[in-house]
Amino acid sequence: MVRTFLAAGLVVLLAAPALANPCGFAEQGRMVVVGYAVGATAVPRDQRAKLAKFAATAKYRDEICVFAQVDKQGGKAANIRVADGRAEAVRRFLPSKGVRDDTIQVGTQKKAFTLFGLLPSDQDDDRRVYVTFN
């Protein structure tokens, strides 16, 4: 059991750079949009209120970063298209809630990240979009 926790800790430490903000600024706020079905790019209906609440604060910031990641299913090119589509859908949503379009940058996590990658819930957790601000 101790070995399992040590191994999990090592995986998290090694994977930490994969979660870095690709827009290059220090984060002061972050939210995660989750609940995407496989291949879906639209902001999940049950996440819209949470994203709107985040936008209420983010609209006063000068740098917003939207970046998506995917699960390990599918080919690399298809996964990049899906991740880009998710990030773009969130980017389009934010101005509708008062965030200035010129403050939003879009990046994509090109590789999936899970703690173990073995469970179906790991795949579900990988289908996400991070929204951060400075």
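The values are calculated or read from the model by the stated rules, or taken from the named source; none is laboratory data. Bear in mind the structure is a predicted one, so any value in this text is a computation, not a measurement. Backbone-built Cβ (ideal geometry, glycine too); neighbour counts: all protein chains shown.
Hey, PHE93 hits all of (1) modelled with pLDDT of 95 or more; (2) surrounded by fewer than 20 Cβ atoms within 10 Å (Cβ to Cβ); (3) over 19 Å from GLY24 (Cα atoms); (4) not β-branched (Val, Ile, Thr) but one; which does it fall short on?
Going through (1) modelled with pLDDT of 95 or more; (2) surrounded by fewer than 20 Cβ atoms within 10 Å (Cβ to Cβ); (3) over 19 Å from GLY24 (Cα atoms); (4) not β-branched (Val, Ile, Thr) one by one, PHE93 breaks only (2).
Looking at segment 65-91, which of its residues are in a helix (DSSP H, G or I) and more than 15 Å from the chain's Cα centre (by Cα)?
Of everything in segment 65-91, those that are in a helix (DSSP H, G or I) and more than 15 Å from the chain's Cα centre (by Cα) turn out to be LYS76, ALA77, ALA78.
Against the condition in contact with a Pro (Cβ under 7 Å, 6 or more places away or on another chain), modelled with pLDDT of 90 or more and either surrounded by 12 or more Cβ atoms within 10 Å (Cβ to Cβ) or hydrophobic (A, V, I, L, M, F, W, C) (or both), how does GLY39 come out, does it pass?
Against the criterion (in contact with a Pro (Cβ under 7 Å, 6 or more places away or on another chain), modelled with pLDDT of 90 or more and either surrounded by 12 or more Cβ atoms within 10 Å (Cβ to Cβ) or hydrophobic (A, V, I, L, M, F, W, C) (or both)), GLY39 does not qualify.
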